[in-house]
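Chemist: Before I ask anything, here is the structure I am working with.
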Amino acid sequence: MASANPTLRQRQLATRLRELRHGSGLSIAEVAGALLCSPAKISRIETAQRRVSLRDVRDLCRLYRVENSSELMALAKDAREQGWWQDGEDVDFRPVPGLENDAIRISEYETTTIPGLLQTEEYAQAVIHGSLPQIDPIVLQERVAYRMKRQDVLRKKQPPRYWVLLDESALHRHIGGLQVMAEQLEKVVHMAGEPHITVQVVPFKVGAHMALDSAFMLLEFDPSAGVADTVYMDTLAGQIFQEKPAQLARFREVLNQLRAVALSPRDSIALIRERIAAFQAES
């Protein structure tokens with residue numbers, strides 16, 4: 001791919017290093033013993049949870065008997081470059097924007113709020129402040145600006161195909177007040193008018209389903225990127241990334257079920273418009 005996205009390059013490097021270890025027949029513990037480090041370090045390197053140093057790549061290439069390590073060293077250098085989402089010390093950092101930027105398809109199911117890629121500034125501020133009531137005002141504004149910047153991915157020349165499945169509860173929860181909610185839902189309607197964006201509402205009447213309490217995002221990449229498709233979940237316990245084929249198959253099954261039971265895009269927008277009118281009438 002043309003761009004040297006540090007997050008994507010880090011995941012490419014992790015995949016290559018994992019494949020090389022498997023090909024060498026070594027276990028994580030054996031590699032850790034050879035490099036005089038902890039098995040946890042090797043595991044984090046292979047799952048792209050830790051940026052790998054050039055020295056580590058050099059040592060791993062020697063251990064795996066890689067004849068030409070220049071490509072892997074170049075990946076390691078690119079992975080250490082800083083992307084806009086890494087600026088600042090406390091800006092609600094996530095590796096997700098780097099992945100969003102290179103994904104060709106993004107499918108997202110949200111249970112309680114409007115997804116970050118569709119949020120208005122006022123709504124995002126209310127969501128972040130609600131989850132972190134003691135947050136410093138300056139940090140709050142940095143995190144809001146960060147979330148707004150993420151949305152550039154939907155406006156670029158070749159944006160990803162973005163498919164949102166939204167639980168109906170997100171249309172009713174009063175976040176930021178009546179006016180903020182009306183304006184937020186108006187933005188959802190506006191964004192759903194873009195040819196690369198689809199919004200479907202999972203109505204209350206569906207009852208229990210496979211993702212009842214599990215919000216998640218599936219990011220899919222061009223096969224030429226050399227990176228596995230990834231499911232991302234943001235929980236109180238931390239960020240979770242799933243990329244094993246069996247895991248991905250499970251989440252694709254969930255998405256297929258949700259798309260089948262959700263309202264059609266047209267009926268979804270009609271319901272959202274009803275909620276906008278209700279919020280406007282109350283305000």
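Chemist: Taking only Cα atoms of the chain, what ratio of Rg to Rh do you get with Rh as the Kirkwood inverse-distance radius?
Modeler: Working: Rg = 21.0 Å, Rh = 20.6 Å.
My calculation puts Rg/Rh at 1.02.
Chemist: May I pose another question? At 37 °C and a viscosity of 0.692 mPa s, what translational diffusion coefficient does Stokes-Einstein give for region 200-259, taking Rh as the Kirkwood radius over Cα pairs? Give it in µm²/s as a whole number. The partial results should precede the final answer.
Modeler: Details: Rh = 12.9 Å.
Taking Rh from Cα pairs, D becomes 255 µm²/s.
Chemist: Which entries of 41/244; 205/244; 157/187 have Cα-Cα distances beyond 25 Å here?
Modeler: Pairs exceeding 25 Å: 205/244.
Chemist: How about region 128-233: which trypsin sites (Lys or Arg not before Pro) there lie in a loop by DSSP and see at most 16 other Cβ atoms within 10 Å?
Modeler: 155, 156, 157, 173
Chemist: Only bridges whose two residues both fall in the chain count here: according to DSSP, what percent of them are antiparallel, nearest 5?
Modeler: So the antiparallel bridges in the chain amount to around 50 percent.
Chemist: In whole percent, what relative contact order does region 88-282 give with Cα contacts below 8 Å and a gap of six or more residues?
Modeler: This gives 28 percent for region 88-282.
Chemist: Out of all Cα-Cα pairs in region 137-240, roughly what percent, to the nearest whole number, are more than 23 Å apart? List each step's numbers first, then the result.
Modeler: On the way: 2262 of 5356 pairs.
Pairs farther apart than 23 Å: 42 percent.
Chemist: Determine the principal axes of the Cα atoms in region 6-81, then give the extent along each, sorted from largest to smallest and rounded to whole angstroms.
Modeler: In descending order, the Cα extents are 29, 26, 18 Å.
Any read-out appearing in this document is the output of simple, stated calculations on the displayed coordinates, not a laboratory observation. Because the structure is predicted, anything quoted here is derived from the model rather than measured. Cβ: placed from backbone, ideal geometry, glycine included. Neighbour counts: every protein chain shown.
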